[in-house]
Amino acid sequence: MLATTTTGSATTRLVGESRRSRALRRTSTSTCNLARQARAASETLRRRNDARRTAVRVQLDQLQDRVDVVRARRTVPRGLSATDTRTVPGVDLDLWLLHVRYARTRHPAVRLKLVEEYSGYAVSLARRLHREGEALDDLVQVAMEALLVSLGRFDPERGIPFLALATPTILGSLKRHYRDLGWAVRVPRTVHDIAVPARDAADRLTSRLGRFPTVPEVATELGIDDESLLSAQQAISARSVSSLDAPVGDDERRSDLLGDLDAHLLLAENRVALRQALVGLSERERTIVGLYYFEERSQSDIAQDYGVSQMQVSRWLSAAIRRLRSQMQP
C-alpha cells in the first residue's frame, strides 16, 4: 500500500513538471515571436524613416538647385548684345551655375568639373611664360595650383567673370616661381625687377627699329642707367647652370672648352729665374739694378750717389745685364 502511494506521488510530480516545462516552452516561443515581430516592426519603421529622409533630402536638393539657378541668373556677368544691344550673359550660364554650386557646397565633384573646364586656359598661360631651360611640367603644375586657389577664393555674388580673378592669380604664381625657384643662385631683387622689363623693352625696340637694340637704347627705354642694365644682364646668366662634366659633341666635355693659357705664366717663370740670377751679382750690381729698373731712378742720380760719371753707371748696368742674361738662358 505504501509503495503504491509513493509511486503515485512520483508520477504526479513528473506530470506536473512536464506541464510546467511545456508552459515555459510555450512562453519562450511566444516571447521569441514577440521579439521577432518587434525587430521586424523596428526595421520597417527605420526603412520608412530612411525613405522619408531620402525623399526630403531629394526635395531639398531640388529646391536648392532651383535656388542656385535663380542665383546664377541673377549674378551672372552680363555684356551687351552686338545685334539688339540687350544685356545678355557674358558667361555661359551652365558654367556659372557650377561656380554658384561650388561656392555653396565645396563639393569635390563640382570642383573637378570646373578644373576640367579651365585647365586648358591655365596650361596656355604656363606655355606663354615658358622660357628655355625651364621645365614646362613644373610651370603647368604651378598654374594648376593657382587655378585651385582661384576657385577657392572666387565669390560669384560679386558678379565678375572668374577669369578676371584667375588670370592675375595664375600669372602672379608663375612669376613668383621664376623669381624664387627659377634661378640657380639667388640674385638681388633689383635684378628681378629689371630682367623681365628689359626683355620686353628689347622686343619692342627690335620691332620698332628693325634690328637688335643697343644697351644705351634699352636703358633709355626703361629709364635706367647703362650700368644697372649691364649688371642685370650679367646676373640673368645665373638663371641656369650647366655641369662641367656635361658632354659637348662626341668625345668632349664642357670643361674641355673652358679656360685658356695664362698670359702671365711665362712672366712668373722669368721672375723666378731673375731672382735666382740676381744672387750671382755683386752687392753693387744688385743695388744699381734695383735703383734703375725697380725704383726707376736715372743713371745720373745713381752716378751722384756713387760719385762717378753717368757713363760709368751705364757700363756697370750693361755688365750686370749681360751676366743676368747668361745665367737666365737655358
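The values are calculated or read from the model by the stated rules, or taken from the named source; none is laboratory data. This structure is a prediction, so every number in the text was calculated from the model and none was measured. So basically every Cβ, Gly included, is an ideal-geometry build from the backbone, and we count neighbours across all protein chains shown.
Details
- Those residues of the range 170-193 which are surrounded by fewer than 18 Cβ atoms within 10 Å (Cβ to Cβ) and under 30 Å from T75 (Cα atoms), in sequence order: L171, G172
- Selection from the range 223-244 of residues that are outside any helix (DSSP H, G or I) and at pLDDT 75 or above: G223, I224, D225
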